[in-house]
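The values are calculated or read from the model by the stated rules, or taken from the named source; none is laboratory data. From a predicted model like this one, the values you see are computed outputs, not experimental measurements. Every residue, glycine among them, receives a Cβ derived from its backbone with ideal geometry; neighbour counts consider all protein chains shown. Calculation scope for accessible area: heavy atoms of the full protein, side chains included, ligands and nucleic acids excluded. Shrake-Rupley method; radii C 1.70, N 1.55, O 1.52, S 1.80 Å.
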Amino acid sequence: MKFTRPTGTQDILPEVQPYWEHILRHTTTLARQYGFARLDTPIFEKTQLFARGVGAGTDVVEKEMYSFRDKGGHELTLRPEFTAGTVRAYIENGMRVAPQPVKLYATGPAFRYERPQAGRFRQLHQFNAEIIGSPSPLADLEIMLLAWDIYETLGIQGLSFQLNSTGCPKCRPSYIEELKAHYQAHFDVICDDCKRRLETAPLRVLDCKKDQCQPVIAAAPKITAHLCSECADHFATLRSYLDDLGRPYTLNHRLVRGLDYYTKTVFEVWAEGIGAQSAVCGGGRYDGLVQLLGGPATPAVGFAAGLERMVMVMQAQGIAVPPLPTPPVFVVHLGKAARLPAVRLLVTLRQAGVGAQIAMGGSLRSQLRQANKRGARIALLVGEDELAQGGVTLRDLARGEQRYVPLGQVVAAVRERLG
Ligand code: HAM
């Protein structure tokens, strides 16, 4: 029987790891610089957390969750995203008593049973950031600056920042009524999905990709014209900050996002050149979620960046990342009597903090070939002659030079060679 990986997952092979390490270091460094602290939550949570937090009528909850019952009969779900778990942890750990707002980041896998395609996986990875406890448009700005700077400082080109406001429970219902009325007037034209969406998730009709729905979307009322004064002020202030900083963005009245918790600001970052799944990042404000999950009324805003798509964009744009370091020293040994002294040498080097590995066997030629293939810069040869003299031969693999070094001076000689 031959096993293959589950559909929609991938093996992240050693040759791709430099991208992942670079991205993780980069996102983490920026997040810390911007005042975010790391929070790790479990990869699985109680199913109800997502049903309630993300929204029972969303695609994520309705169709995409990896849910199971454990041996104790508990209903659990592999997290499809980080926000609900982060808010649960904020409430459960009493973070409300910490200075507000609390700025948290996390990174790791999430799981969605989606139809796999380029850039869309069933095990995906996100870098996630949240600011919990501030109603200020400055918090929205901070979140957007972090999202923007992550991509820009990676050197990614052709980005666009899509921005919209989806209002709040005060102003959204009357907008939805107007949107529904508009759609009822065109009911014979729109697709069956939109007919259904009008009942279950009306804002999502604006997101429909079907040709027949495009004229109806183009003529639909715009939510930004229906915002209450609080939402309109919030949006205007945020835009004034972005304008003042010269951060380009596109107002996108069709941007509604697929999760139920959003209020006011929503945004996405789109990248060119990676096909249909061009959203590399998405987020927004969610002022009702903390309360919905049993905490006190607490405004919040955040985003998540998809790491697979970040890797794809970097590769598509030919952005180089530094290679991962490999051990610079390779210990070569010849004959049975040399094996133990070679292992002792290996351990000595490692204890001195010098990266080293050892050949598992083979002729002198084959061991040297291995050393070169593994990217070593120095080979240390332990053979009969060396043993008799109580030292090793140090060979500089790039220059092809070699010399005898007494055992007590090996670490210093290696360090000198490596500069
Ligand atoms: P989201 O838009 O569902 O938002 O996901 C954020 C990003 O994760 C997407 O822009 C995309 O890059 C990546 N992503 C999502 N699904 C997949 C997939 N199946 N395969 C590959 N990449 C994917 C959220 O998850 C919200 N929790 C973001 C947020 C945080 N809002 C507020 N705080």
Mean separation of Cα contacts under 8 Å (at least 6 apart) over the residue count of segment 329-418, i.e. the relative contact order in percent, is 28
About its Cα centre, the chain carries a charge dipole, from +1 on Lys and Arg Cβ atoms and -1 on Asp and Glu Cβ atoms, whose size in debye to the nearest 20 is 1420
Counting sequence-distant residues (5 or more places) and residues on other chains, those with an amide H built under 5 Å from that of VAL392 are VAL405, LEU407
Scalar couplings 3J(HN,Hα) for segment 279-287 by Karplus 6.51 cos²θ - 1.76 cosθ + 1.60 (θ = phi - 60°), nearest whole Hz, x for Gly and Pro, are 6, 8, 7, x, x, x, 8, 9, 6
Checking rank on 336-343, 101-108, with mean other Cβ inside 10 Å and highest first, the result is 101-108, 336-343
Cys in the chain lacking any partner Cβ under 4.7 Å -> CYS168, CYS191, CYS194, CYS231, CYS281
Carbon/sulfur accessible area of the chain, % of total, 1.4 Å probe, equals 53
DSSP beta bridges in segment 329-418: the antiparallel percent, rounded to 5, is 55
For segment 173-190, Karplus-derived ³J(HN,Hα) couplings (6.51, -1.76, 1.60; θ = phi - 60°; whole Hz; x for glycine and proline) come out as x, 5, 5, 4, 4, 5, 4, 4, 4, 4, 6, 4, 5, 10, 4, 6, 8, 6
Here the relative contact order (percent) of segment 64-179, from C-alpha pairs under 8 Å and at least 6 apart, is 19
Out of GLY362, PRO406, GLY375 - ranked by how far each Cα lies towards the positive end of the dipole of segment 329-418, with unit charges on the beta-carbon of charged residues - the top one is GLY375
Note, segment 294-309: 3J(HN,Hα) by Karplus (6.51, -1.76, 1.60, θ = phi - 60°), whole Hz, Gly/Pro = x, goes x, x, x, 3, 8, x, 7, 8, x, 8, 9, 10, x, 6, 4, 5
Burial-style ranking of 298-305, 346-353, 198-205, 7-14, average other-beta-carbon count within 10 Å with highest first, yields 298-305, 198-205, 346-353, 7-14
Relative contact order as a percentage, the chain, C-alpha pairs under 8 Å and 6+ apart, gives 15
dims of the chain, Cα set, principal axes, largest to smallest, nearest Å -> 94, 52, 47
For segment 329-418, the per residue accessible area (1.4 Å probe, Å²) is 57
